[in-house]
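Laboratory data are not the source of any read-out in this text; all were calculated from the coordinates shown. None of these values were measured; they are calculated from a predicted model. Here the Cβ is made from the backbone with ideal geometry for all residues, glycine too, and neighbour counts use every protein chain on show.
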Amino acid sequence: MRTVRVERTLEAPIETAFDLLTDHAEYKRFRAVHGSKLLTEGRTERNGVGAVREVIIRPLRFIEEVTAFERPTLLSYLITDINVPFEHQGGTIMLEPIDSGTRAVWTSTLRVPIPVIGGAVERLVWDPALSRGFRQVLEDVDRFAASDPLAAPAG
């Protein structure tokens, strides 16, 4: 089992960052993502708890369900289906307002259920790939917020 953790200080205000990070249908706007769509709306908010999204990051296709949603500080999710051997224990994006913007901490815990080499695959494949993808998404949040502060859709 491995936990990937990325931390970044965003210049984007916390509400803008949260709205960009939780707009599941528009995840395709991020560089790392090739396609996305909201399959099921959340119970109390469109992108909130119970929302289910499909995300395509070639060659991967996965389905995620939102398990926690506390505007504007927390989004947790679980990958429930993916087209490779992968067991997801959960992911969380935590946001905190700070003087210079927003502190973002993104974690994801996983296991590759392949005997003998699973741990190596986690360390050598998933850790760098997820770290790079999370960093790119967070960089894009700042880029979108800087180019058009009104671009973030309301949740």
- Note on the structure: Options (1) 16.6; (2) 19.3; (3) 15.7 are given for Kirkwood radius over Cα pairs in Å, and the computed one is (3)
- Give me the net charge of Ala32's neighbourhood, meaning all other residues with Cβ under 11 Å from the Cβ of Ala32; Lys, Arg count +1, Asp, Glu -1. +4
- Task: Hey, can you grab everything whose amide H is under 5 Å from the amide H of Asn47? Only 5+ residues off in sequence or another chain; H modelled, so Pro and N-termini drop out.
- Result: Gly42
- Sticking with the crude label model, points 7 Å out along Cα→Cβ, report the distance from Ile114 to Glu15 in nm, one decimal please. 4.6
- Query: Sorted by mean Cβ packing within 10 Å, highest first, what order do the peptides 112-118, 63-69 take?
  - Reply: 63-69, 112-118
- Query: Helix-derived [θ] at 222 nm for the chain: sum -39500 (n - 2.57) over DSSP H runs of at least 4, divide by residue count, nearest 500?
  - Reply: -6500 deg cm²/dmol
- Task: May I ask you to derive the FRET efficiency for Arg123 and Ile57 from their Cβ-Cβ distance with R0 = 22 Å, giving the value to the nearest 0.05?
- Result: 0.70
